[in-house]
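Here is the structure we will look at.
Values quoted throughout were computed directly from the atomic coordinates according to the rules given, and no laboratory measurement underlies them. Remember, predicted model here, so these are calculated numbers, not experimental data. Here the Cβ positions follow ideal geometry from the backbone for every residue, glycine too, while neighbour counts run over all protein chains shown.
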Amino acid sequence: MTSSIKTEICDLLGIKYPVIQAGMGPHNTVNLAIAVSNSGAMGTVSIPGMSLGPIKATEKFREFLHTVKAHTMNNFAVNTPVGENVPENVFKTSEAYVNTVIEEKEKDPELKKRLKLFITSAGNPARYVRKIKDAGMLHFHVVASAYHAKKVEKLGLDGVIASGYEAGGHTHLPERTIHTFILIPQVVEAVKIPVIAAGGECDAKTFVAALALGAKGVQMGTRFIATKESELHQNYKEFIDKAGEWSDIVVPGVYGPLRCLKNRGTEDIIKIVESRSLSEEDLAKYKDEQLLLSQKDGDMERGLVASGQVASRINDVPSVSEVIESIMRESTVLVQKMQKRIDKHE
Ligand SMILES: Cc1cc2nc3c(=O)[nH]c(=O)nc-3n(C[C@H](O)[C@H](O)[C@H](O)COP(=O)(O)O)c2cc1C
């Protein structure tokens, strides 16, 4: 049996290990969420995109929720960005996602029991807190500063996921960047609710570091993309596997800047945004399509390959349980080694 590190979020979320798989819309993370939840951590269902429109989007999302429910007996989570300064279609779609989760939970006793956690991101969760709590779910929100963590705590949320600038996908505004190493202790000191660290975690070293900074667990995105079970294209996984220092770049995304791996797709998006050749709504659609080009077609040249800077530290494509078990196994050894080093003044 793997020796393990437990924190308060294990009991709160009903999971064995304090690890959350990040929501990674518009990519399908159904298989990934099943594998993560079956491995004792928290799997998360991601949204199928913002440009499908509320009806198509929620049909798919509903199917995702029920598939995960059917293939794990453990708890799982759902993630929806709830940004406000977005095209109307995007705003309506995120609203429809939240309503769908609540409705499905209401109807289905198994979802009611095991769809434990709602993770919102990319905006102000205020208009959804009551709904989510009344549905009996725990509600965490992704924040990028202690300032926003305090606001979220005041709203009555159950936890925050503090995401550093190095994170994959949507990240901080250029004038407001804070890296994980600075952000986590700052947020931990600012709030009383549990803080989960996101951005840059991939192994025992970064997991132990996150706990040392005061986090109660980690949320990992990029590490989980490059696993056997994740349904992202094999080329996507290999692109992450091969990425080195300076492979990543921040380009304009739907909710602000988006961290991706450099390719023709990132060059194209920069040119399109600079030339203002597309309306806001068409641009949001174009970005979703380019992201899906890399996930479904494995087009690593023209597609957008959202990824964290941590890609440079990922050099394999193991199974989900190998990722989680090795973090747990090696973390306890690492803590003992650190103590020995300190005792011996090494
Ligand atoms: C491909 C990709 C898509 C993402 N999509 C979402 C999303 O839909 N909602 C969200 O809250 N965060 C999203 N994120 C951010 C992740 O949830 C997570 O916070 C981030 O990946 C953590 O950093 P890491 O990649 O260094 O682990 C995405 C990240 C990636 C890499």
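Placing +1 on the Cβ of every Lys and Arg and -1 on the Cβ of every Asp and Glu, with nothing else charged, gives the range 47-104 a dipole about its Cα centre of roughly 180 debye.
On the beta carbon distance between Thr67 and Lys192, with R0 = 45 Å, the FRET formula returns roughly 0.80. Neighbours of Ser94 by Cβ distance under 12 Å: Lys/Arg scored +1, Asp/Glu scored -1, total -1.
The DSSP beta bridges internal to the range 156-312 are antiparallel in roughly 55% of cases. Between Asp268 and Arg127, the C-beta separation translates, for a Förster distance of 41 Å, into a calculated FRET efficiency of about 0.75.
Mean residue ellipticity, 222 nm, helices only, the chain: the sum of -39500 (n - 2.57) across DSSP H runs of n ≥ 4, divided by residue count and rounded to 500, is -14500 deg cm²/dmol.
Is the shape of the range 1-158 best called rounded, prolate or oblate, per the rule: a/c under 1.5 gives rounded, else a/b larger than b/c gives prolate, else oblate, with a ≥ b ≥ c the square roots of the Cα gyration tensor eigenvalues? Note, shape of the range 1-158 comes out oblate. The listed peptides 191-200, 60-69, 308-317, ordered by packing as a protection proxy, come out as 191-200, 308-317, 60-69 (highest mean of other Cβ atoms within 10 Å first).
Note on Lys56 and Lys112: the model spin-label points, each 7 Å out from Cα along the C-beta direction, lie 3.4 nm apart. Here r is the Cβ-Cβ distance between Asn85 and Leu155 and R0 is 22 Å; the resulting FRET efficiency, rounded to 0.05, is 0.70. Going from the fewest other Cβ atoms within 10 Å to the most, the residues His27, His139 appear in the order His139, His27.
Counted by Cβ distance under 12 Å from Phe239, the other residues give a net charge of -2, where Lys and Arg count +1 and Asp and Glu count -1.
Run through the range 103-138 and list the GluC sites (Glu not before Pro) located in a DSSP loop whose Cβ has at most 15 other Cβ atoms within 10 Å.
Those that pass, being in a loop and sparsely packed, number zero.
What number comes out for the charge environment of Cys10, summing +1 per Lys or Arg and -1 per Asp or Glu over other residues with Cβ under 10 Å away? Could the numbers behind the result be given before it?
Working: positive: Lys6, Lys16, Lys216; negative: Glu8, Asp11.
My count for the surroundings of Cys10 gives +1.
Using every pair of separate Cα atoms, the Kirkwood estimate puts the hydrodynamic radius of the chain at 20.0 angstrom. Think of the range 73-178 as a dipole: +1 on every Lys or Arg Cβ, -1 on every Asp or Glu Cβ, centred on the Cα centre; then among Leu117, Val82, Ser94, Leu117 lies furthest on the positive end.
Which of Lys92/Lys116; Lys107/Lys151; Lys92/Lys228 have a Cα-Cα distance over 27 Å?
Lys107/Lys151; Lys92/Lys228
Loop only per DSSP, at most 13 neighbouring Cβ atoms within 10 Å: give me the chymotrypsin sites (Phe, Trp or Tyr not before Pro) in the range 207-298, ordered by residue number.
On the way: sites: Phe207, Phe224, Tyr236, Phe239, Trp246, Tyr255, Tyr286; in loops: Trp246, Tyr255.
Here the chymotrypsin sites (Phe, Trp or Tyr not before Pro) that fit, given the DSSP loop and packing criteria, are Trp246.
Can you give the convex hull volume per residue for the Cα atoms of the range 1-80, as a whole number of Å³?
On the way: hull volume 6.7 nm³, N = 80.
So the per-residue Cα hull volume is 83 Å³.
Springs join every pair of Cα atoms under 10 Å in this Gaussian network model of the chain, and among Ala57, Ala35, Ala210 the largest mean-square fluctuation is at Ala57.
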